[in-house]
Amino acid sequence: MATKLSLNLQIWRQAGPDKPGKMVDYKLNDVSPDMSFLEMLDVLNDDLLQKGEEPVEFDNDCREGICGMCSLVINGVAHGPQKGTATCQLHMRKFKDGETVTIEPFRAKAFPVVKDLVVDRGAFDRIIAAGGYISINAGGAPDANAIPIPKEYADEAMDAAACIGCGACVAACPNASASLFVSAKISQLALLPQGQPERYRRATSMVAQMDAEGFGDCSNHAECEAVCPKEISIAHIARMKRDYLRSVFK
Amino acid sequence: MAEEKAKLWSSVGKKALMAVTGLLLVTFVIEHLLGNLLLFTTDPDPFNKYAYTLMSLGKLLIAVELVFLAFFILHMYSGLTVYLSKRKARPDSYRKSGNAGNPSKKTLSSTTMIISGLVLLVFVAIHLKTFKFGPHYTTFVDGVEMRDLYKLVYQTFAQPLYVFWYVLSMVILGLHLRHGVWSAFQSLGLHHHRFTPAIYTFALIFAVVWALGFIAMPIWIFFDPLNVRQDVLNLM
């Protein structure tokens with residue numbers, strides 16, 4: 001059986017949206033390497049509650065890497081050190097005994113801190129809303145293969161659609177740009193026949209909303225792709241740019 | 001029209017503008033190094049003749065210079081707005097910052113574009129003052145009177161401090177090109193699973209070769225292994 005870990009945690013504590021925050025040190029012993037990162041925080045919060053202290057607020061829901069609720073910047077990297085993994089599926093075996101682990105919220109003007117490690121990612125919902133509808137006929141379910149779609153296109157659209165909207169791309173971007181998220185949402189429709197009628201209008205509206213929310217510009221650092229739990233490629237950002245630039249001439 | 005203008009200054013539009021102006025400025029950098037190769041010869045005439053040919057274009061040259069000045073200003077302006085919007089988009093920075101590693105392309109080069117850009121702005125200003133608007137020596141080539149820029153270059157690069165500043169600036173130019181060249185393609189939406197890795201590698205090779213080319217020239221002239229300087233500076 002693997003030995004238990006002792007960790008020095010440095011966690012961002014902030015009482016409310018406009019309150020000042022600071023890093024607070026916590027010592028946590030007997031951490032099982034088989035725990036997930038969020039389970040480790042549950043144990044810390046149990047300790048804090050027993051001591052009569054305020055527990056650390058953090059977002060989570062499904063804890064199986066598909067809902068996009070969990071966040072956290074761990075040791076300076078969004079979703080921590082393991083590639084293609086959301087914080088909820090990161091395990092403590094990735095850390096060393098005696099290690100100092102810093103835990104911060106996703107930092108961006110467009111993601112205001114609600115409390116401690118919880119940020120408001122409502123800006124993403126407003127970008128999705130700006131994308132609008134797609135024109136499809138209502139009524140009975142269509143035949144599965146009525147519209148032929150080349151496999152490569154279907155695959156790439158599925159890769160884009162894997163985006164869980166967690167916002168790690170924004171957190172990791174040196175400019176706090178939302179380009180990877182927005183481009184994934186644009187790409188998943190731009191690659192399919194059903195997405196064609198509103199394709200260019202969708203790209204311009206979503207980009208305009210992204211800018212209005214106060215996200216930064218994309219400088220092509222590609223740090224977003226490296227932290228994305230679904231490993232979504234910046235190739236989608238290029239497609240978003242193509243669609244956007246083409247819309248200028250439409 | 002107003003809508004088109006808004007699109008140009010959106011996050012996507014201004015990066016496209018930065019990319020186009022950047023690539024056009026790169027064409028100037030390419031041409032400049034090729035012209036500079038004539039400084040490696042011991043004969044001043046070819047370089048002076050090349051400069052004379054360019055200058056004899058007259059109004060056309062001025063027009064080209066103004067166009068490049070416009071590219072330069074637009075490139076700088078878009079760079080500054082990207083930097084300022086980045087500051088605004090994350091007012092509270094991370095207490096601990098990290099790098100996620102491959103496939104990230106975040107490098108020293110990519111994170112210092114604003115600094116390298118500003119250094120290059122100062123460099124270009126000094127460079128123009130030293131050479132274009134510097135002392136006017138004259139020489140005769142095939143009986144034609146022309147400016148002796150070869151002499152001015154040899155005189156300038158006899159100063160160790162000037163050589164040091166020039167070499168440092170060219171290292172910084174290399175850093176700027178390393179991220180800038182590949183990034184321009186991505187900003188224009190030109191991404192391809194096969195070509196993009198090739199463009200990324202090409203940008204590195206191009207940046208290194210071009211920076212070394214520009215660095216070799218002042219060092220060659222400073223150490224002057226073929227003893228050209230004495231002849232050039234004494235020929236009055």
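Structure notes:
- Working note: Debye formula, equal point scatterers on the alpha-carbon atoms of the protein assembly as shown, no solvent; log10 I(q)/I(0) at q = 0.07, 0.10 Å⁻¹ is -0.50, -0.85.
- Among B:Phe133, B:Phe47, B:Phe185: highest mean-square fluctuation, GNM of chain B, C-alpha pairs under 10 Å: B:Phe133
- Orientation-averaged projection of chain A equals 16.4 nm² [convex hull of Cα atoms, one quarter of hull surface area].
- Chain A: relative contact order as a whole-number percent, Cα under 8 Å and 6+ apart: 20
- Compared with the dominant principal axis of the Cα atoms in chain A, helix A:179-190 is inclined by about 40°.
- Average other protein chain Cβ within 10 Å of Cβ, residues B:10-23: 5
- Principal-axis tilt of helix A:151-161 within chain A, Cα atoms, nearest 10 degrees: 40
- Taken residue by residue and averaged, Cβ atoms of other chains lying within 10 Å of the Cβ of B:79-90 number 6.
- Beyond 30 Å in Cα-Cα separation lie the following of the pairs A:Lys22/A:Lys241; A:Lys96/B:Lys105; A:Lys27/A:Lys230; A:Lys19/B:Lys15; A:Lys51/A:Lys109: A:Lys22/A:Lys241; A:Lys27/A:Lys230; A:Lys19/B:Lys15; A:Lys51/A:Lys109.
- Calculated P(r) tail over 29 Å for chain B, as whole % of Cα pairs: 39
- Other residues whose C-beta falls under 12 angstrom from the C-beta of B:Ser97 contribute a net charge of +3, scoring Lys and Arg +1 and Asp and Glu -1.
- Straight Cα distances below 18 angstrom link B:Lys96 to the aspartates and glutamates A:Asp25, A:Glu99, A:Glu104, A:Asp116, A:Glu223, with same-chain residues fewer than 8 positions distant left out.
- Hz values of 3J(HN,Hα) by residue in region A:134-148 - Karplus curve (6.51, -1.76, 1.60), Gly and Pro given as x: 10, 7, 9, 6, 6, x, x, 4, x, 4, 4, 10, 5, 10, x
- Three-way shape call for region A:178-250 based on the alpha-carbon gyration tensor, with the a/c threshold at 1.5: oblate
- Placed amide H near A:Leu5: partners under 5 Å, 5+ positions off or other chain: A:Asp30, A:Val31, A:Ser32
- Compactness of region B:150-236 - radius of gyration and Dmax, Cα, Å: 17.9, 59
- Considering all C-alpha pairs of region A:121-248, those separated by over 20 Å amount to 42%.
- What the phi angles of region B:43-51 give under the Karplus curve with 6.51, -1.76 and 1.60, with θ = phi - 60°, is a coupling list of 8, x, 4, x, 5, 5, 5, 4, 5 Hz, glycine and proline written as x.
- Charged neighbours of B:Val67, selected by a Cβ distance under 15 Å, balance to -1 (K, R count +1; D, E count -1).
- For chain A, a Gaussian network of Cα nodes joined below 10 Å ranks A:Ile149, A:Ile74, A:Ile66 by mean-square fluctuation, and the top entry is A:Ile149.
Every number in this text was worked out from the coordinates using simple rules, so none of it is lab data. Just so we're clear, the structure is a prediction, and the values are computed from it rather than from any experiment. FYI the Cβ positions are ideal-geometry reconstructions off the backbone, even for glycines, and counts take in every protein chain you see.
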